Amino acid sequence: MKLDNNSWWKEGVFYQIYPSSFADSNSDGIGDLPGIISKLPYLENLGIDAIWLSPIYPSPMADFGYDVAHYCDIDPIFGTMDDFNDLLKKAHEKGIKIILDLVFNHTSHLHPWFLESRSSRNNPKRDWYIWADPLKGKRPPNNWQSVFGGKAWEWDQSTGQFYLHSFAREQPDLNWRNPEVRKALFEVIRFWLTKGVDGFRLDVVNYFLKDEKLRSNPWKPGLRPYDMQHHFHDKDQPETPLLMKEIRQVVDEFPGRMTVGEVDSRDLKKIALYYGTEDGLHLNFNFNFLEQPWNPGKFQSAVLGWEKILKEKGWPAYTLSNHDVPRHMSRYGNCPERARIAAAMLLSLRGTPFLYYGEEIGMQQVRLPRHQIKDPVGRRYWPFHPGRDGSRTPMQWDESPNAGFTAGNPWLPVSPNYQYINCNQQEKDTGSLLNFYRDLIACRKKSEALRRGSIRFLKDKPEGVLAYERTTAREKVLIFLNFLPEKIELTPPAARSYTTLFTRPDRPAKLQKGKLFLPPHSLIFLKC
């Protein structure tokens, strides 16, 4: 099935790759672009339509690529620009789109722009970043805190001012209120789109603009200093969604491209502000969905709340795992049966599904000892917060040393369970989670209703079941997901006839004499 050029981002299945951890081609222990190229047949066979690459730009790696030192080049640890061009070409030949991560709230402290800005108060690029005079006693300009811990202001002795860093001190915030900054960043967008990149994931977009007066945030109860503030002034400024419209205008210069925003908020109304059918971001993540417990009613409420706010304004995007949160396989009990239900839900809801590398084989969260932690969050808050390394461990390809990820010393330890959780073993097992994902994605591709239909949840159903219908003018599909480890019997809505579109071959749900029988942790898609 070939996706429409203007709506492919609605109907396609996205797959996030953390490049350092996917496939290492040169045995240095770090994944790279040639490694990704070598795995394109695997991704094609899985059925994904687009790859989202976490940052691959030159970086000192203080935050592992999210501290960019050059926006229009490739870090040598990942390869060369020729390697990237080769990846783009070969992915497109297989019908796979390439999405890049744009980190535009901040740069690295080693970016040439910041080196100039820091050189003197009179430098033309001084106002490209957010500088402020100290308060009495050389105190920071306000009470803003860094997401990564500590004050959000770093003293610069040579120029006698503080600079703002919403995250690590090696990540100074850009001043988006400066027209020259906007112009320069818009040219970065054009550079990659001209190369043929198909779109962007935009990092922490609601941080781009700050209060012009740099007012302190009001206090509230919380566990850590960052959580003890209402973030009224250091993010979520009312002008920021308007800035997204400017970004959309640049992207729209190149037909068929897309954007997806990371809005670091749990306020659905705020997230919705970043959408626009014609003039905002195409997609935005809703992390409320990702944070739900293993409860069908909770997931239903999360989806309904989002649908109510979005209405016709935007198209949802859903994910259950990413590079910043523990893998959902482990959040939901390291249970392969639950993993199948989670996959069926993610790939059948109204919206664009984003998979995270390794979830298709059930990769689990890895807890690392303190001396192996590299994530700045984990290093600061261990043992209270183990950091994000546990969701970034190397892809488990086979049973060979280091799971076939590298012939060298991996940059993060490979999960100790790789000898029995890996792609090679699951390739051979027709009942494996990997083959379940493949069959599920193939089913989605064949069904117009699953790709683009409306959604309506069914009310008359037992507890423990998530049930909904996806409908277009030409097709209706009913989805029943049994979240429980026990069999359930129910009566589906009356229909002239039902055809089973998809079920688990090892424990098939059955429709008999008007009754639907769901074995434990089973599912069924019925076409009517």
### Task
Would you mind putting 283-293, 341-351 in packing order, based on average other-beta-carbon counts within 10 Å, highest first?
341-351, 283-293
### Relative contact order for the stretch 1-65, counting Cα pairs under 8 Å that sit 6 or more residues apart, in percent
34
### Task
In Å and from the alpha-carbon atoms only, list the Rg and Dmax of the stretch 112-164.
11.3, 31
### Message
If R₀ is 22 angstrom, what is the calculated FRET efficiency for the pair Y381 and E291, using the beta carbon separation as r and rounding to 0.05?
### Response
0.70
### Spin-label zone in the stretch 172-186 - amide nitrogen under 15 Å from a point set 7 Å from the Cα of L242 along the C-beta vector
176-179
### Query
What list of whole percents do you get for P(r) of the stretch 413-487, with Cα-Cα distances grouped in 5 Å bins up to the one holding the largest distance?
3, 13, 15, 15, 16, 16, 11, 8, 3, 1, 0
### Query
Between the DSSP loop rule and a limit of at most 16 other Cβ atoms within 10 Å, which trypsin sites (Lys or Arg not before Pro) in the stretch 200-259 are left?
K213, R215
### Task
With an 8 Å cut-off on Cα pairs and a minimum separation of 6 or more residues, tell me the relative contact order of the stretch 463-514 in percent.
25
### Query
So, in Å, what gap is there between the alpha-carbon centers of the stretch 101-121 and the stretch 296-368?
35
### Summary
For K89, placing the label point 7 angstrom along Cα-to-beta-carbon and taking the stretch 23-55, residues whose amide nitrogen sits under 15 Å are 34, 37-38
### Task
Please turn the phi angles of the stretch 299-316 into ³J(HN,Hα) values with the Karplus equation 6.51 cos²θ - 1.76 cosθ + 1.60 (θ = phi - 60°), one per residue in order, whole Hz, x for glycine and proline.
4, 4, 5, 4, 5, 4, x, 6, 4, 4, 7, 5, 6, 8, 6, x, 10, x
### Summary
Links exceeding 26 Å between C-alpha atoms in this model, out of K151/K374; K298/K487; K269/K527, come to K269/K527
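Counting other C-beta atoms within 10 Å, which of V205, V260, V197 has the fewest, and how do the rest follow? The partial results should precede the final answer.
Details: V205 28, V260 22, V197 19.
Going from least to most buried by this count: V197, V260, V205.
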### Task
Please work out how much length the chain gains when fully extended from K446 to D227, using 0.36 nm per residue of separation minus the C-alpha to C-alpha distance, in nm with one decimal.
74.3 nm
### Task
Summarise the long-distance tail of P(r) for the stretch 354-429 by giving the % of C-alpha pairs beyond 22 Å.
27
### the chain - mean residue ellipticity at 222 nm from DSSP helices (-39,500 (n - 2.57) per run, n ≥ 4, rounded to 500)
-7000 deg cm²/dmol
### Task
List every residue whose amide H lies under 5 Å from the amide H of I488, counting only residues 5 or more places away in sequence or on a different chain, with H placed 1.01 Å from N in the peptide plane.
L518
### Task
Name the residues whose placed amide hydrogens come within less than 5 Å of the amide hydrogen of Y318, ignoring near sequence neighbours (fewer than 5 apart) on the same chain.
T352, F354
### Summary
The answer for the per residue Cα convex hull volume of the stretch 14-151, in Å³, is 138
### Message
Under the rule of at least 5 residues apart or a separate chain, name every residue whose amide H is placed under 5 Å from the amide H of K151.
### Response
S146
### Query
Can you sort R496, R444 by how many other beta carbons sit within 10 Å, fewest first?
R496, R444
### Task
Evaluate Rg over Rh across the chain, taking Cα atoms for both radii and Kirkwood's formula for Rh.
0.97
### Task
Could you calculate the contour length gain from N6 to S497, that is, 0.36 nm times the residue separation minus the distance between their Cα atoms, to one decimal place in nm?
173.3 nm
### Message
Show me, for the stretch 478-493, the HN-Hα J-couplings you get by feeding each phi into the Karplus relation (A = 6.51, B = -1.76, C = 1.60, θ = phi - 60°), rounded to Hz, glycine and proline as x.
### Response
9, 10, 10, 10, 8, 7, 9, x, 9, 6, 9, 10, 8, 10, x, x
### Task
Give me R121, R470, R182 ranked fewest to most by other Cβ atoms within 10 Å of their Cβ, as a rough exposure proxy.
R121, R182, R470
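Since every read-out is calculated from the coordinates, none of them should be taken as a lab result. If you're wondering where the values come from, they're calculated on a predicted model, not measured in any experiment. Because the Cβ atoms are built from the backbone with ideal geometry, glycine has one as well, and the counts that use them run over all protein chains shown.
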